[in-house]
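Colleague: To start, I am sharing the structure in question, which I have written as structure tokens.
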Amino acid sequence: MKEFFAEYFVYWLIFILFMLGPYGIIFKKNLVKKLMAMNIMQVAVILFFLALGQKAGGTIPINVPGLVGAVNYINPLPHALMLTAIVVSLATLGVSLSLLLLIQKHYGVLEEDELLRRMNQ
Amino acid sequence: MLGIFLLVFLLFLMMTTGISALFARDLLASIIMFSAFSFLAVLTSLTLGSPDVAFTEAVIGVVSTTFFVVALERMKRGSSK
Amino acid sequence: MNERFGTVVLDTAFRFVIPFVMLYGVYVLINGESSPGGGFQAGALLAIAVVLSRLVQGEKAVFNISGNTALILAGIGTFLYGFVGVLTLCWGGNFLEYGISPWAMLAAEKHALGILGIEIGVTLCVMATIIAIFDALTRKEEV
Amino acid sequence: MKALRMGALFVLLLMAEVMFISAGALPQLYDPQSAAATHVADRYIADAVEETGSPNFVTAVLADYRGYDTLGETTVIFTAGLATVLLLRVSKGSASKREGDSAAEEEQV
């Protein structure tokens, strides 16, 4: 039981969470929901990187006096990489929301079918 | 052992809130479910042992929810004209 | 979002909350080396203070930074980051090598000074960028 | 359109299956001897307090060892904010020009 959970089950759950992203981007009609699916995909990637940095018996990566050695701390490198990725995701969210506002202003609609119909006219 | 069960439980909750954020009829309800999703992401990051990432996700979740709501309000105002 | 809304209760609660948010942002920036936190979180917290005041009190808020000022601040923050790197380059080290400065200090103090400099730059950039995006999203349309 | 949708679903399922199969090559969760936790992370953890004076390893990696990386990220954030402001403002100016607002044109000249 514990081996089953510890081996691949968490990775599988994170992969299912990741697959919500492409599913929403392809099959959802509303553009705001496509954007939301993209954000869900980003969170799944962040959780995957954090899961790769785990270590049994390790504490959080802040130095405790008297506790020396790389075995006692979780790997800090994925945390540092993901920290910047989260903030960049916020910036890209701002850019894509402004693009959505421009589409709404120009065509008056955000549903995909109606948008394609109005673009082809 | 407790940590990994908590992790699996939180990931199931995240899948639930993510699916309901994608499949909600109303866009405002969808945005609120997305903010619940980002809060659960904070808890999952804490369970995975990274307080820095959890702190950043908490702060950024607030700001991104605000952006979504503000943009939705402006979209509705534009479409009603 | 451009006009004031809310009653006395919301205004008073808002006035009570905002100083603590800004103080916490500065604390996270200063204490980021020894506890969870750092430039990105501090910038987002300071931006939340301004965004909240903009949401509650409208465009004539007390803690307000206009969009143009925010863009200038973002540029200043990015420039400050690069300036620290060029400064260490001028003192004979590599790009962003902090242990090189000519003053008589411990090496750890030199590193702390350099890290504080670039974190202030990151804080300014993130804060001003969030305010600029929020200002652009809530801008009143001239139709 | 229906066939395109079914094809997209098929590609999606294929992608999911590739990910599930390749999960077998990933290191086990909580493994202290995995490849991600052995090479450079050991040096960061062992020497960060001595070399940078920062007890928080994440800040040490972010601001000191990989400062050049963070400079790039800061530039990306600044560029994104600039792009947002430019997109929304330029559209407003061109819209007023399209409607033939003579006062705005006179101000620009």
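Colleague: List for the stretch B:1-43: residues with 40 Å² or greater reduction in accessible area, all protein chains versus chain alone, probe 1.4 Å?
Modeller: B:Met1, B:Ile4, B:Phe5, B:Val8, B:Leu11, B:Met15, B:Leu22, B:Phe23, B:Leu27, B:Phe34, B:Phe37
Colleague: Take the alpha-carbon centre of the stretch C:88-119, take the same for the stretch D:63-85, and report the distance between them in whole Å.
Modeller: Centre-to-centre (Cα) distance: 21 Å.
Colleague: Turning to a different aspect of this structure: Using the heavy atoms of the protein chains and a 1.4 angstrom probe, tell me the accessible area per residue for chain B in square angstrom. Don't jump to the answer; show the numbers that get you there.
Modeller: Values: 3330 Å² over 81 residues.
Accessible area per residue: 41 Å².
Colleague: Okay, moving on. Across peptide D:6-12, how many C-beta atoms of other chains are within 10 Å of each residue C-beta, on average? Can you show the working numbers first?
Modeller: Details: counts 0, 0, 4, 3, 0, 2, 6.
Across the residues of D:6-12, the mean count of other-chain Cβ atoms within 10 Å is 2.
Colleague: What residues qualify as long-range amide H neighbours of A:Thr59, i.e. H under 5 Å apart, gap of 5 or more or another chain, H built at 1.01 Å from N?
Modeller: Close amide H contacts, sequence-distant or interchain: A:Tyr73, A:Ile74.
Colleague: Multiply the residue separation of C:Glu109 and C:Asn64 by 0.36 nm, subtract the distance between their alpha-carbon atoms, and state the gained length in nm to one decimal. Could you put the intermediate results ahead of the total?
Modeller: Numbers: separation 45, 0.36 × 45 = 16.20 nm, distance 3.51 nm.
Full extension from C:Glu109 to C:Asn64 adds 12.7 nm.
Colleague: Ignoring ligands, DNA and RNA, what accessible area per residue does the stretch C:8-138 give at 1.4 Å, in Å²?
Modeller: 44
Colleague: Per residue, what volume in Å³ does the Cα convex hull of chain C take up? Show your work: numbers first, answer last.
Modeller: Details: hull volume 16.7 nm³, N = 143.
Output value, Cα hull per residue: 117 Å³.
Colleague: Additional query: Please compute, for peptide C:41-47, the average count of beta-carbon atoms on other protein chains lying within 10 Å of each residue's beta-carbon.
Modeller: Taking the mean over all residues of the peptide, I get 4.
Colleague: Let me ask something additional. Would you kindly derive the ³J(HN,Hα) couplings of the stretch B:5-16 from the backbone phi angles with the Karplus curve 6.51 cos²θ - 1.76 cosθ + 1.60 (θ = phi - 60°), listing them in order in whole Hz, with x for Gly and Pro?
Modeller: 5, 4, 5, 5, 4, 5, 5, 5, 5, 5, 4, 4
Colleague: Among A:Ile86, A:Phe4, A:Leu67, flag the residue with its Cα farthest along the positive direction of the charge dipole of chain A, charges on Cβ as +1 for Lys/Arg and -1 for Asp/Glu.
Modeller: A:Ile86
Colleague: How much of C:Phe16 can a 1.4 Å solvent probe reach, expressed as accessible area in Å² and rounded to 10?
Modeller: The value for C:Phe16 is about 140 Å².
Colleague: Under the definition of Cα pairs under 8 Å and six or more residues apart, what whole-number percent is the relative contact order of chain C? Each step should come with its number before you reach the end.
Modeller: Working: 185 pairs, mean separation 43.3, N = 143.
Over chain C, the number comes to 30 percent.
Colleague: Additional query: Using θ = phi - 60° and the Karplus relation 6.51 cos²θ - 1.76 cosθ + 1.60, list the HN-Hα couplings for the stretch A:20-29 in order, rounded to whole Hz, with x at every Gly or Pro.
Modeller: Going residue by residue, I get 4, x, x, 4, x, 5, 7, 9, 7, 8 Hz, with x marking Gly and Pro.
Colleague: So for each of C:105-118, A:54-67 I average, over its residues, the number of other beta carbons within 10 Å; can you give me the resulting order with the highest mean first?
Modeller: Details: C:105-118: 18.1, A:54-67: 16.0.
Descending packing order for the listed peptides: C:105-118, A:54-67.
Colleague: Now a separate question. With a 1.4 Å probe, how much accessible area is buried between chains A and B, both sides summed, in Å² to the nearest hundred? Spell out each step's value before the answer.
Modeller: On the way: alone 9050 and 6110 Å², together 11330 Å².
When A and B are taken together, about 3800 Å² of accessible area is lost.
Colleague: What are the ³J(HN,Hα) couplings of the stretch C:98-106, residue after residue, when phi is run through the Karplus curve with 6.51, -1.76, 1.60 and θ = phi - 60°? Round to Hz, x for glycine and proline.
Modeller: Coupling constants for the stretch C:98-106: 7, x, 10, 4, x, 6, 7, 9, 6 Hz.
Colleague: Using the Kirkwood formula over every pair of different C-alpha atoms, what hydrodynamic radius in Å results for the stretch A:17-69? Each step should come with its number before you reach the end.
Modeller: On the way: mean 1/r = 0.0745 Å⁻¹.
For the stretch A:17-69, inverting the mean 1/r across all distinct Cα pairs yields 13.4 Å.
Colleague: Also, quick follow-up: What's the whole-number percent of alpha carbon pairs in the protein assembly as shown lying beyond 42 angstrom? Walk me through the intermediate numbers first.
Modeller: Numbers: 21191 of 102831 pairs.
For the protein assembly as shown, the share of Cα pairs beyond 42 Å comes to 21 percent.
Colleague: So, one more: Over chain A, give the accessible area per residue in Å² for a 1.4 Å probe, as an integer. Don't jump to the answer; show the numbers that get you there.
Modeller: Details: 4900 Å² over 121 residues.
That works out to 41 Å² for each residue.
Colleague: With 25 Å as the limit, write out which pairs from A:Lys28/C:Lys140; A:Lys34/A:Lys55; A:Lys29/D:Lys2; A:Lys28/D:Lys2 have Cα-Cα distances beyond it, or answer none.
Modeller: Working: A:Lys28/C:Lys140 30 Å; A:Lys34/A:Lys55 35 Å; A:Lys29/D:Lys2 14 Å; A:Lys28/D:Lys2 14 Å.
Table pairs above 25 Å Cα-Cα are A:Lys28/C:Lys140; A:Lys34/A:Lys55.
Colleague: Using the Kirkwood radius over C-alpha pairs as Rh, can you work out the diffusion coefficient of the stretch A:25-120 via Stokes-Einstein at 37 °C, viscosity 0.692 mPa s, in µm² per second? Please report the intermediate quantities before stating the final value.
Modeller: Working: Rh = 16.5 Å.
It diffuses with D of about 199 µm²/s by this estimate.
Colleague: Another one. So, with a 1.4 angstrom probe, what is the percent of accessible area on the protein assembly as shown that is carbon and sulfur? Please report the intermediate quantities before stating the final value.
Modeller: Values: 14760 of 21430 Å².
Result for the protein assembly as shown: 69 percent of the exposed heavy-atom area is carbon or sulfur.
Colleague: Shifting gears a bit: Count, for each residue of A:108-120, the Cβ atoms from other chains sitting within 10 Å of its Cβ, then give me the mean as a whole number.
Modeller: Numbers: counts 3, 2, 4, 0, 0, 1, 0, 0, 0, 0, 0, 0, 0.
Across A:108-120, the average partner-chain Cβ count within 10 Å equals 1.
The values are calculated or read from the model by the stated rules, or taken from the named source; none is laboratory data. These numbers were taken from a predicted model, which means no experiment stands behind them. For neighbour counting, all protein chains shown are included, and Cβ atoms are generated from backbone atoms with ideal geometry for every residue, glycine included. These area figures cover heavy atoms from the full protein model, side chains too; ligands, DNA and RNA do not enter into them. Shrake-Rupley method; radii C 1.70, N 1.55, O 1.52, S 1.80 Å.
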